[in-house]
Amino acid sequence: MKKIATLVSVIISAVLLYFTIDSALDVYNASLKIPNKKVQESPNKRLVLITQELDTPFWDQVSFGAVNQSVKEEVTLEIWGSYGNDQENFLKQIELAIYSKVDGIIVQGLDTEGFKELAKVKAASFGIPIITVANDVPASESLRKTYVGSNQHLAGELIARQLVNDMGTSGEVILMLDSKQEYYQEERLKGIHKTLGRYTQIKVISAETEDSREQGGALTKDLLNHYPNVDAFVAVNSNFAGDIIQEIEKRSKVEPFYIYSFDDSSASLSSLQQGKLDGVVEQSPKEMGERSVKLMAQWLKNETLPLDLEGYLTDIRMIKATDIE
């Protein structure tokens with residue numbers, strides 16, 4: 001009887017030992033598979049391009065260049081933003097991108113405290129790199145990694161040189177500015193003053209108002225009344241170019257006036273083609289989109305460290321109506 005009991009005990013122990021070893025092997029094999037599974041699940045880096053001027057020709061080109069480059073860099077790119085310079089919604093889009101924990105943000109710089117707070121504090125706290133494109137905000141105020149776009153100081157110089165070449169070295173010139181005077185406008189203004197300041201017979205009048213069609217038109221009307229002998233207008237904020245032309249056409253022809261602007265307004269190039277603008281600074285929005293995505297991808301892959309804080313400048317040139325006829 002004892003022999004039978006001992007035999008049963010041995011059999012039970014052997015069975016239990018078998019299942020214990022089998023379970024241990026299953027756990028061991030499963031643990032070996034986990035690292036391989038993690039490697040296979042590594043997704044593309046996710047980037048967001050954000051502007052406050054969606055569906056404008058200039059930003060359509062920025063987006064086009066960015067999307068093309070994202071395919072080459074094998075990153076995921078989304079285009080976000082607002083319409084008609086809606087700054088409140090624009091800032092909400094940036095905040096949403098930060099809380100979505102995207103890998104990188106490429107954004108139209110906005111020289112306001114709200115933008116700087118998001119870039120310098122919130123994005124930095126989440127470890128999300130920011131590259132400004134087209135419009136810059138100084139690195140010291142935003143902690144952006146770099147800037148991709150035009151040399152706005154040089155753009156101001158180009159427009160002033162063309163004005164002097166067309167008008168001559170004497171006359172009255174009105175500069176139309178956004179009252180907020182963002183950083184890119186300040187740089188344009190410095191370039192204009194640097195060039196026109198060499199000519200003592202040129203009187204420069206700076207006029208500021210809010211960036212809206214109603215305000216721009218009203219200001220142009222007041223300026224034409226106060227300065228009946230004005231010779232030239234420069235829309236430092238390109239959104240005012242259309243307002244200037246429209247108000248002048250209500251009372252006379254635009255031909256006697258010299259009018260200049262920049263190509264980041266939807267009306268600038270069409271007005272140039274119609275002969276209503278004498279010259280426009282043409283930028284390289286497609287190149288801006290391409291280079292910003294390329295630099296962000298390189299930074300995320302640790303291929304380009306650090307990025308140049310001074311920025312990466314894209315091509316600009318002065319064009320006249322005769323150049324595109």
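Quick note: the coordinates plus some simple rules give every number you see, no bench work behind them. Note that this is a predicted model, so its numbers are computed, not measured. As a convention, Cβ positions derive from the backbone with ideal geometry for all residues, glycine included, and neighbour counts pool all protein chains shown.
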Report the label-to-label distance for F64 and D315 in nanometres (one decimal), using points 7 Å from each Cα along the Cα→Cβ vector.
-> 1.5 nm
Farthest positive-ward along the chain dipole, Cα basis, beta-carbon charges - from G279, Y227, G109 = G109
For the chain, longest principal axis from Cα atoms; helix 2-40 axis from its Cα atoms; angle between them, nearest 10 degrees, is 10 degrees
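Peptides 272-278, 183-189: what's the order by average Cβ count within 10 Å, highest mean first?
183-189, 272-278
Using a Förster distance of 56 Å, how high is the FRET efficiency between D166 and N44, based on the Cβ-Cβ distance and rounded to 0.05? Spell out each step's value before the answer.
Numbers: r = 50 Å, r/R0 = 0.89.
Using R0 = 56 Å, I get an efficiency of 0.65.
Determine the relative contact order of the chain: mean sequence separation of Cα pairs under 8 Å and six or more apart, normalised by residue count, in whole percent. Write out the running numbers ahead of the final one.
Numbers: 563 pairs, mean separation 61.0, N = 325.
Relative contact order for the chain comes out at 19 percent.
State to the nearest 20 debye the size of the charge dipole of the chain about its Cα centre, where the only charges are +1 on K and R beta carbons and -1 on D and E beta carbons. The partial results should precede the final answer.
Values: 34 positive and 47 negative charges, 344 e Å.
Roughly 1660 debye, rounded to the nearest 20.
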Given springs between every Cα pair under 10 Å in a Gaussian network model of the chain, which of K301, K92, K45 has the largest fluctuation?
-> K301
Taking only Cα atoms, what is the 0 to 90° angle, nearest 10, from helix 152-167's long axis to the longest principal axis of the chain?
-> 20 degrees
Within the stretch 283-298, backbone nitrogen closer than 18 Å to the virtual label 7 Å beyond the Cα of K190 toward Cβ = none
Relative contact order of the stretch 45-181, pairs being alpha-carbon contacts under 8 Å that are 6 or more residues apart, as % = 20 percent
Between T304 and N89, what is the FRET efficiency for a Förster distance of 45 Å, r being their Cβ-Cβ separation, to the nearest 0.05?
-> 0.90
In vacuo Debye scattering of the stretch 152-282, one point per C-alpha: log10 I(q)/I(0) at q = 0.10, 0.12, 0.13 Å⁻¹?
-> -0.26, -0.38, -0.45
Computed over the chain, the Cα gyration tensor eigenvalues, each multiplied by 5 and square-rooted, give semi-axes in Å (largest first) of 63, 17, 16
How far is helix 183-196 tilted, in degrees, relative to the longest principal axis of the Cα atoms in the chain, given as a value from 0 to 90 rounded to the nearest 10?
-> 30 degrees
